[in-house]
1. Of all residues in region 9-50, which are of a type in the set (D, E) and within 25 Å of the chain's Cα centre (by Cα)?
2. Before we move on, is E45 of a type in the set (D, E, K, R), assigned to a helix (DSSP H, G or I) and over 13 Å from L61 (Cα atoms)?
3. Here are the criteria: (1) touching a Lys or Arg at 6+ places or on another chain (Cβ under 7 Å); (2) of a type in the set (A, V, I, L, M); (3) not in a helix (DSSP H, G or I). Tell me which single one I32 does not satisfy.
4. Go through region 88-115 and give me each residue that's open to solvent by 30 Å² or more (accessible area, probe 1.4 Å) and under 27 Å from L14 (Cα atoms).
5. From the list Q82, Q86, Q107, pick out the single residue that is within 27 Å of E46 (Cβ to Cβ) and either in contact (Cβ under 8 Å) with a residue 12 or more places away in the chain or in contact with a strand residue (DSSP E or B) (Cβ under 8 Å, 6 or more places away or on another chain) (or both).
6. Free of Cβ contacts under 8 Å to residues at least 60 places away in the same chain, among the β-branched types (V, I, T) and surrounded by fewer than 18 Cβ atoms within 10 Å (Cβ to Cβ): is that true of I71 in this structure?
7. Considering only region 126-144, how many residues are in a loop (DSSP other than H, G, I, E, B) and open to solvent by less than 20 Å² (accessible area, probe 1.4 Å)?
8. So is Q281 modelled with pLDDT of 95 or more, over 30 Å from E75 (Cα atoms) and open to solvent by 40 Å² or more (accessible area, probe 1.4 Å) or not?
Amino acid sequence: MSAIKEADQQLIRLLADGQFHSGSELGQALGISRAAIWKRVQRLEEFGMALESVKGKGYRLAQPVDLIDQISLQEALGERAQLHYQWVTESTNGDALAVSGPVRRPQVFVTECQTAGRGRRGRQWQSPFAANLYLSIRFPVSGGFAALGGLSLAVGVAVAQALQELDSELPVTLKWPNDLLVNGAKVGGVLIELAGEMDGQVDVVIGVGVNGRMTGHQARDIDQVWTDLASELSQMPSRTTLAACVLSHLLDMLPRFSQQGFAAFLDAFDRYDGVRGKAVQVQSGDQMILGQAAGVLADGALRVETPDGVREVYGGEVSLRVR
């Protein structure tokens, strides 16, 4: 899938309202023939946009497109971070990792669509155009790699708090070590990657994906129970408002984490902990641990009560299932 050309961006903006537009109307607006419009419309489907074509009415998108307002989002971030916005990219985490570091202030990467979005353990993160929230932050943390224990959990807390700012009744929980759930269905995830260590400081890249408004067709390749905010919130905000809220909470959390570590977020995590007290199966490398989840420690380790005693499991290449 290639980048969206300027002409295709113009076409998306014309169709963004979800109303029918005739081929001649679109052709006149873009200065091209109706045949050329048909070819452009076909291209949009490559980006996960479902289009309808009705003879005598023209073309429309199956659902309106809510594009992120780059200017409004940068205004919301203020001087706290520098925003990098693209219509399409392979991966916002990849873009953040590619920046020459170390960085002095947070660098925020936001896109409408990822062509190679990454989840944990090498999985692909489904990223259809303008459906969800895809963002990454590159941020310096003092204390080196040793200071990063529990970072994914602190990120989860910040995102959960942001979602509850939008709707205080949203029953969001966290599944150690990287998932956000609503009523047991996955609504978002976190991916932490390290960009390198210099002079006791490590640049960390935090990737966050949150399902916003996604059709079953767009989500057909997701291999687990999922939900989206449009299905769960009492009122769905614009994607710009959603991005600003999530990023604001993250940018408030990161300096505190850098100074105090995960211990400062332990109580908040306990309130959102969706697996505590449940029977779990944890796969860590070639080791399988069966027992009951018993909360997390100040360094982010999961405590699992087993017949042989309490085990402490750390994040990384691990998989947790509630039995």
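1. D17, E45, E46
2. Answer is no for this residue.
3. (1)
4. Result: E90, T115.
5. Step by step, each of Q82, Q86, Q107 is checked, and only Q86 is within 27 Å of E46 (Cβ to Cβ) and either in contact (Cβ under 8 Å) with a residue 12 or more places away in the chain or in contact with a strand residue (DSSP E or B) (Cβ under 8 Å, 6 or more places away or on another chain) (or both).
6. Yes; evaluated as a whole, the condition is true for this residue.
7. The total comes to 7.
8. no
The values are calculated or read from the model by the stated rules, or taken from the named source; none is laboratory data. Predicted model, so just to flag it, every value in this text is computed and none were measured. Using ideal geometry, Cβ is built from the backbone for each residue, glycine included, and neighbour counts are taken over all protein chains shown. Heads up: the accessible areas ignore ligands, DNA and RNA and are worked out on the full protein's heavy atoms, side chains in. Shrake-Rupley method; radii C 1.70, N 1.55, O 1.52, S 1.80 Å.
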